[in-house]
Amino acid sequence: MEVSSRRVLLRHLEPARPLRRCVHVNILFSFVLVERISYTRDFLIGLAGCPEAKKRPEYLPDHPIVLPEAVS
Amino acid sequence: MNNKFDALKDDDSGDHEQDQGSPKDSEKEKPEEDDKEQNIIKKKMVVPGPGEHPLQYNYTFWYSRRTPGRPASTQSYEQNIKQIGSFASVEQFWRFYSHMIRPGDLTGHSDFHLFKEGIKPMWEDDANKMGGKWIIRLRKGLASRCWENLILAMLGEQFMVGEEICGAVVSVRFQEDIISIWNKTASDQATTARIRDTLRRVLNLPPNTIMEYKTHTDSIKAWEDFHGLVNASGGR
């Protein structure tokens, strides 16, 4: 009697492996969904010097706080 | 609430009259041209250029200045606030920032605002009305550096509070300058605490720096009490 119940338990445990893999995939998937675009201060400062960052914006109002040339 | 582009026209003409006397005919046409430009900006969705570094959100720069000799009124705040431009990438941000005066070089009662696109820097905006702001008072001479560090932390998503951040403001005043960061939910203490701790870190503030959290509801009430009004329609 004792031996047969252990066999039953083992059979129940076997299909657990693919289920665990499924859970793992779901965790990875939700991680990708909440990922945000973040930058450190140093990285952002580093991009300030590139030529693209110094071009005059296409639409910039004529206003006293707007400078004629880019300043760093 | 007035159309904001009508408000900008009033603001421009007011500034010309205050600072430079009566505008010439050619100058009178500028606000209308500005309106057209602003409408183009509004209609055109800002997107990162090819090869540029996208930001998590698009943002808009605003500028406001209290007109000398004109007392604050229910309409003047919205009339005095001017949209400078919107951007979607790091490179586009630097293009605007590098073409704008630094806060430390501003004179008078002036504010720069940097808010997520679609959120007006006003207490009454849907995104702000349940929110509040952390305020840090700075002695003169620190505003430019602190403002830059604050907005870089916001653009770089350093606050780690999900969608909670609405925008940031630097206010240049007579004896001191003030920087503040606005969030959506004033009652969320975990969020406001995380914003406070991040502020301390990114601004490298001394431990004894006083930081004050103020709900927009309280700001509106204080504004109403000060002006003896029942309904306020201004916010910063």
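The values are calculated or read from the model by the stated rules, or taken from the named source; none is laboratory data. Remember, predicted model here, so these are calculated numbers, not experimental data. Heads up, the Cβs are rebuilt from the backbone with ideal geometry, glycines too, and the neighbour counts pull from every protein chain shown. Note: areas computed on protein heavy atoms with side chains; ligands, DNA, RNA excluded. Shrake-Rupley method; radii C 1.70, N 1.55, O 1.52, S 1.80 Å.
Things worth noting here:
- The range A:46-65, subset acidic (Asp, Glu) and not in a helix (DSSP H, G or I), residue farthest from the other protein chains (Cβ to nearest Cβ): A:Glu58
- Members of the range B:149-161 found to be in contact with a Phe, Trp or Tyr (Cβ under 9 Å, 6 or more places away or on another chain) and either surrounded by fewer than 22 Cβ atoms within 10 Å (Cβ to Cβ) or away from chain A (no Cβ under 14 Å) (or both), listed by number: B:Gly156, B:Glu157, B:Gln158
- Residues located in the range B:176-218, provided they are of a type outside the set (Asp, Glu), open to solvent by 40 Å² or more (accessible area, probe 1.4 Å) and within 20 Å of B:Asp125 (Cβ to Cβ): B:Lys184, B:Thr185, B:Ser187, B:Tyr213, B:Lys214, B:Thr217
- Residue count for the range B:99-126, restricted to those that are closer than 21 Å to B:Asp177 by Cβ and not in a loop (DSSP other than H, G, I, E, B): 10
- Apart from one condition, B:Lys214 fits all of (1) in a helix (DSSP H, G or I); (2) of a type in the set (D, E, K, R); (3) at pLDDT 95 or above; the exception is (1).
- Matching residues, the range B:130-148, being surrounded by fewer than 16 Cβ atoms within 10 Å (Cβ to Cβ) and at pLDDT 95 or above: B:Met130, B:Arg145
- Residue match in the range B:108-129 (condition: open to solvent by less than 50 Å² (accessible area, probe 1.4 Å), within 14 Å of chain A (Cβ to nearest Cβ) and of a type in the set (Gly, Ala, Ser)): yes
- Within the range B:79-96, the residues that satisfy the criterion of being more than 7 Å from chain A (Cβ to nearest Cβ) and in contact with a strand residue (DSSP E or B) (Cβ under 8 Å, 6 or more places away or on another chain) are B:Asn80, B:Ile81, B:Gln83, B:Ser86, B:Phe87, B:Ala88, B:Ser89, B:Phe93.
- Verdict on B:Ser219 being on the phi < 0 side of the Ramachandran plot, over 14 Å from the mean Cα position of the chain (by Cα) and not in a helix (DSSP H, G or I): no
- Members of the range A:36-45 that are within 7 Å of chain B (Cβ to nearest Cβ) and open to solvent by 100 Å² or more (accessible area, probe 1.4 Å): A:Arg41
- For B:Trp147, the conditions (1) over 13 Å from the mean Cα position of the chain (by Cα); (2) part of a helix (DSSP H, G or I) all hold with the exception of (1).
- Looking only at residues of the range B:97-107 that are of a type outside the set (S, T, N, Q) and buried (at least 18 other Cβ atoms within 10 Å of the Cβ), we find that the one that is farthest from the other protein chains (Cβ to nearest Cβ) is B:Pro103.
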